[in-house]
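The values are calculated or read from the model by the stated rules, or taken from the named source; none is laboratory data. Predicted model, so just to flag it, every value in this text is computed and none were measured. Don't worry about glycine lacking a Cβ; one is built from the backbone with ideal geometry, like all the others, and counts go over all protein chains shown. We work out accessible area using only protein heavy atoms, side chains counted, and drop any ligands, DNA or RNA first. Shrake-Rupley method; radii C 1.70, N 1.55, O 1.52, S 1.80 Å.
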Amino acid sequence: MSEESLYEMVIDSLPSHARHRRTWMSLVRCFSSIEAILMRYFAQQYNSSLPRYDVLTALALHPDGLTMGELSSMLLVTKGNVTGVIRRLEQDKLVRKKTSKSDRRVQSVRISKRGLALWGDMHADYDDIISTIMSGLSVADSKSMIVMLDKTRANVEKNAGEFDVGR
């Protein structure tokens with residue numbers, strides 16, 4: 001059995017003129033490789049996950065708290081995904097949830113002192129891992145990549161409406 005990843009097999013199978021698919025698959029492969037390293041590290045070092053880190057990051061950056069809706073919008077995930085992560089973070093006393101007095105359907109979440117301390121450790125490790133992983137890139141390479149990724153994101157947002165279902 002081959003050690004080649006699905007991404008490499010797909011990229012190798014594409015015709016040379018399929019530059020957009022090749023670019024996309026290369027981007028996904030790179031992201032997935034970095035994500036796997038971070039997930040493995042956080043699981044081993046903190047018995048935690050990237051979604052937990054992401055939620056703690058959002059809350060650390062908003063010390064007054066966020067509603068569950070704001071949190072899901074910020075993280076680009078469903079409220080259901082956020083609810084499960086928040087429930088486990090609350091059990092671990094890393095966040096505090098509060099129901100709005102004016103609208104019982106609205107819940108806000110704040111990071112606890114314990115959560116902020118854990119996030120600080122995780123954040124420092126995250127930064128070290130990313131710095132190490134990306135250390136082979138020159139300053140010029142990094143700047144060029146940022147420009148290209150920003151251009152790609154803008155193009156994606158410009159063309160996203162083409163695929164809205166039910167128009």
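Among the residues of region 149-165, those identified as farther than 19 Å from L27 by Cα and open to solvent by less than 100 Å² (accessible area, probe 1.4 Å) are G161, D164. The set of residues in region 32-52 that are in contact (Cβ under 8 Å) with a residue 60 or more places away in the chain and farther than 15 Å from M134 by Cα comprises Y41, F42, Q45, Y46, S48. Taking region 28-48 as the range and being within 21 Å of R87 (Cα to Cα) and open to solvent by less than 40 Å² (accessible area, probe 1.4 Å) as the test, the residues that pass are F42, S48.
Residues in region 1-24 that are exposed (fewer than 11 other Cβ atoms within 10 Å of the Cβ) and over 19 Å from A36 (Cα atoms): M1, S2, D12, S13, P15, S16, H17, R19, H20. Quick check: is even one residue across region 133-153 under 22 Å from E35 (Cβ atoms), assigned to a helix (DSSP H, G or I), in contact (Cβ under 8 Å) with a residue 12 or more places away in the chain and touching an Asp or Glu at 6+ places or on another chain (Cβ under 9 Å)? No - not one qualifying residue is present in region 133-153. Residues in region 70-107 that are at pLDDT below 90 and in a helix (DSSP H, G or I): K79, G80, N81.
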